[in-house]
Amino acid sequence: MTTSPIPVVSHSAKLATGARPFPWFGLILLALGVFLAITSEVTPTGLMPEMSSELGVTEGQIGLLVSIFAFTVVITSAPLTAMTRRMPRRALLVAVLAVLGLANLLTGLAPTYAIVIVARVLGGLAHGLFWSMVPAYAARLVTKDQLSRAVSLTLAGGTFALVLGVPLATALGHAVGWRIAFVAIAAGLLLGAVAVMLWLPNVARESLEHEDAAGQPRRDPTVLPVAVICITVAIVMVGNYAFFTYVTPFLLDPVGVPPRFISIALFVYGGAGAVGLLLTGTLFARRTRLGLIIGLALSAAAVAALVLGIGGFWGSMVALALWGLAFGMVPPLLQTRMLQTASERIRDTASAFYTTAFNFGISGGAFLGAMLLPWLGITALPLTNVALTLVGLAVILVVVLRGRRAHRT
């Protein structure tokens, strides 16, 4: 019997459809936590001038706060998940949200840039653990056939954070000061911790039955396929962010979007991504393999059309929207496949490695784009995106084909 990163359910297997009602309220609470966490992570990008002026540093140093946050997540999420796997899940989630809240409060009150860095590291520690917990927590609230819808609903909090949360925090910071914006985020996180404590259903912690007498983990048969998924995530995310990090100069030239309309173009991309997220929880809720293949293929095709300028300016705008829609499907579907692939006893650990791979892809993609841009020019970035997206698609297709052969034998 083989285990595949894109698992194939036996035709004789019956899923527990309708075994329990869909836990809307619990998943909305998790989505709210995601909304606040992502808003907390990205808000410095919208308040760079105000923060740099008051703290006496450059805007580039304020931008580094996001990188420091992400780098902390990359190096600590897996170790912290391993250290806390014996702790009750709901209590740990409450503690993580509270620490995130305190980190934002410290940011808002920090007298110096150095203290802000300390606050961002503290927030990164909590954020990495938060992301290792939330997908597995959502998975434990639902039956297997509800998993894609549950993941999509939970991750919708991140989409709304980028479309609504960060702009609102930025507007608040512009109106009454950047410190008040972070204090407001802190208040939201602390209230979220209280809401989770009072109303989120509790779930079982990661099973420890796979440990030997010395407390060392026995090998789980799903480790290798989970690793393949995480590597695929890293490849695809590096490709996407090598281009998306620098998409504004690409839209200005060669596409020719007027500077005053850049925000509208990016809103079109983000709005289309929200539609893609909706599709993952509806049309592709039970067709995750098909949705993943379509999402990766359409993403590569749309970016190729964008770089080739097919259809002129308006054709490029259509391609931009299709790219946003297609890539909006990819992360939640990959997350769903990872949760379906990992055995229940290692879901928290698998989620931690997924988080590490995802954040590595974001930071690695931005770094790769920075290296390629002065060397090969702006058009090299979308071509890199296409190439790495196709590599990820090839991995998925190989796994699907191997899974079908395993069924036949």
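The values are calculated or read from the model by the stated rules, or taken from the named source; none is laboratory data. None of the values given here were measured: they were computed from a predicted structure. Positions of Cβ are generated from backbone atoms using ideal geometry, with glycine treated the same way; all protein chains shown enter the neighbour counts.
Scanning the range 258-277 for residues that are at pLDDT below 85 and under 26 Å from Thr288 (Cα atoms) turns up just one, Gly270. Does the range 256-273 include one or more residues that are surrounded by 19 or more Cβ atoms within 10 Å (Cβ to Cβ) and not aliphatic (A, V, I, L, M)? Checked against the condition, which is being surrounded by 19 or more Cβ atoms within 10 Å (Cβ to Cβ) and not aliphatic (A, V, I, L, M), the range 256-273 yields at least one hit. The residues in the range 328-351 that are within 16 Å of the chain's Cα centre (by Cα) and either aromatic (Phe, Trp, Tyr) or more than 20 Å from Leu129 (Cβ to Cβ) (or both) can be counted, and the count is 8. The residues of the range 362-381 that are of a type outside the set (A, V, I, L, M) and surrounded by fewer than 24 Cβ atoms within 10 Å (Cβ to Cβ), listed by number, are Ser363, Gly364, Phe367, Gly369, Pro374, Trp375, Gly377, Thr379.
Go through the range 76-99 residue by residue and tally those that are modelled with pLDDT of 90 or more, within 18 Å of Thr356 (Cβ to Cβ) and of a type in the set (A, V, I, L, M, F, W, C). Selection size over the range 76-99: 3.
Could we say that Ala187 is surrounded by fewer than 21 Cβ atoms within 10 Å (Cβ to Cβ) and touching a residue at least 24 places away in the same chain (Cβ under 8 Å) here? In short, yes. Against the criterion of being surrounded by fewer than 24 Cβ atoms within 10 Å (Cβ to Cβ) and modelled with pLDDT of 85 or more, Ala175 qualifies. In summary, helices (runs of 4 or more DSSP H) completely within the range 300-409 and bearing 2 or more residues that are free of Cβ contacts under 8 Å to residues at least 60 places away in the same chain and not hydrophobic (A, V, I, L, M, F, W, C) occur at 312-341, 380-408.
A quick yes/no check of all residues on (1) under 28 Å from Gly291 (Cβ atoms); (2) without any contact (Cβ under 8 Å) to a residue 24 or more places away in the chain; (3) part of a loop (DSSP other than H, G, I, E, B):
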site	(1), (2), (3)
Ile62	no, yes, no
Ala82	no, no, no
Leu92	no, no, no
Ser132	yes, no, no
Val151	yes, no, no
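Give the range 94-140 a look and list any residue that's among the polar types (S, T, N, Q) and within 21 Å of the chain's Cα centre (by Cα), or say none. Result: Asn104, Ser132.
Cβ-Cβ distances below 9 Å connect the following pairs, each with a first residue in the range 39-58 that is of a type in the set (S, T, N, Q), a second residue that is in a loop (DSSP other than H, G, I, E, B), and a separation of six or more residues or different chains: Ser52/Thr58.
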